[in-house]
There are 2 protein chains.
Amino acid sequence: MHTPRKVLLSGLAGVLVAAVSNVALAGDPRGAIEETLARFTAAFNSGDAAGVGALYSEDAVILPPGGESVSGREAITAFWQGAIEGGLTDLELQIVELEAQDGRAFEVGKLRLMAPGEGGEMQPVLGKYIVVWKQDGEGNWRLHRDIWNTSPAAE
Amino acid sequence: MHTPRKVLLSGLAGVLVAAVSNVALAGDPRGAIEETLARFTAAFNSGDAAGVGALYSEDAVILPPGGESVSGREAITAFWQGAIEGGLTDLELQIVELEAQDGRAFEVGKLRLMAPGEGGEMQPVLGKYIVVWKQDGEGNWRLHRDIWNTSPAAE
């Protein structure tokens, strides 16, 4: 027996269940984003700029220190190609904070890499970043906006 | 006459209307954030570090270039006090992109300010930033995470 009221409540319950599922999904991004960061560093450290670029959204923007913003996956790939050719390597990324909702997430993170110093010797560089993540139509979390800067050198 | 189906659809329509209202609310933050940015620059340029700090969330974090992250409104106020005492002035902020939903917003922006050069003469500095905004319990939009870096000097 379905009275209108029962059907209405049932309908609303369905909506609520859907909402709860979205909350569950929204709690899920950390695993996907951790995996994407691992793929980012693996690609970067093996010199695969295209592999790095593929992790960004099509209309991503990066905001590198000392440079102009770079828009679009193709230009971003070229940027990272230049960084790799410039000798940057051994990139490590660490999530400090991650908050996700409704297909967007913001991440605060720390980075460490090795870069050629003035004398050519490799030296560690520390930095920090904020990435705005965007979930694409297939549910993949992609770097959408990406800004970073340096931190003081380690002791 | 309400058939169960009609009532169900009516219930769903209500949910859809609520969703559309949220979209309308999500379109509203721009005015509040523009006003807060205007208060930020006015306070900064008049040397009022406390006025700048008051625009951040209680648990805000700023990520300044070349420095460690600074957490909490009090420490952030002290940071800006130091920047003002260091001679930074004539700050201008410009929203490049703003996207808000559910009490969070991310903003990509450009900045320009005057800073003392090596010889002591004032010179322009350009930069860019991402701010994650958070709406507090009273509905005020506050800077919650704030990272920036420099851009190439103007021609």
Handout entry: Prolate/oblate/rounded call for the range B:59-109, Cα gyration tensor, a/c under 1.5 rounded
Key = oblate
Fill in the blank from the handout: Taking the label point 7 Å from Cα along the Cα-Cβ vector, the copy-to-copy distances for B:Gly82, listed from shortest in nm with one decimal, are 3.2
Exercise for the section: Would you mind listing the distances between the A:Ala50 label point and the same position in each other copy? Use 7 Å along Cα-to-C-beta, nm, one decimal, shortest first. Expected result: 6.0
Fill in the blank from the handout: Under the Karplus relation with 6.51, -1.76 and 1.60 and θ = phi - 60°, whole-Hz ³J(HN,Hα) for the range A:86-96, x at Gly and Pro, equal x, x, 5, 7, 6, 5, 10, 10, 9, 5, 9
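Is there a simple number for the mean count of other chain Cβ atoms within 10 Å of the Cβ of residues in B:137-146, and what is it?
Values: counts 0, 0, 0, 0, 0, 0, 0, 2, 6, 1.
Mean shielding count: 1.
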Completion exercise
Checked against the positive end of the charge dipole of the range A:74-155 (+1 on Cβ of Lys and Arg, -1 on Cβ of Asp and Glu, about the Cα centre), the farthest of A:Leu88, A:Ile147, A:Ala78 is A:Ile147
Exercise for the section: Ignore the peptide's own chain and count Cβ atoms of other chains within 10 Å of each Cβ in A:68-74; give me the average, rounded. Expected result: 1
Exercise for the section: Using amide H atoms built 1.01 Å from N in the peptide plane, name the residues 5+ places from A:Met122, or on other chains, whose amide H lies under 5 Å from its own. Expected result: A:Gly117
Practice task
For a quick protection proxy, order the peptides A:144-150, A:76-82, A:118-124 by their average other-Cβ count within 10 Å, most packed first.
Solution key: A:144-150, A:76-82, A:118-124
Practice task
Could you please put B:Ile62, B:Ile84 in sequence from largest to smallest accessible area, using a 1.4 Å probe?
Solution key: B:Ile84, B:Ile62
Exercise for the section: Keeping the other protein chains in place, figure out the carbon and sulfur percent of the accessible area of the range A:97-155, with a 1.4 Å probe. Expected result: 47 percent
Completion exercise
Here the residues of the range A:117-150 lying in the modelled label zone of A:Glu92, meaning backbone nitrogen under 15 Å from a point 7 Å along Cα-to-Cβ, are A:123-128
Practice task
Quick one: what are the phi-derived ³J(HN,Hα) couplings along the range A:38-52, Karplus 6.51/-1.76/1.60 with θ = phi - 60°, whole Hz, x for glycine and proline?
Solution key: 5, 5, 4, 5, 5, 5, 4, 6, 9, x, 9, 4, 5, x, 5
Handout entry: Exam field: B:Glu97 pseudo-label spacings to other copies (7 Å along Cα-Cβ), nanometres
Key = 2.1
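Across peptide A:101-108, how many C-beta atoms of other chains are within 10 Å of each residue C-beta, on average?
Working: counts 4, 4, 1, 6, 2, 7, 2, 6.
For peptide A:101-108, the averaged partner shielding equals 4.
The values are calculated or read from the model by the stated rules, or taken from the named source; none is laboratory data. This one's a predicted model, so the numbers in the text were calculated from it and none came from an experiment. So basically every Cβ, Gly included, is an ideal-geometry build from the backbone, and we count neighbours across all protein chains shown. Side chains are part of the model used for accessible areas, which takes the heavy atoms of the whole protein and leaves out ligands, DNA and RNA. Shrake-Rupley method; radii C 1.70, N 1.55, O 1.52, S 1.80 Å.
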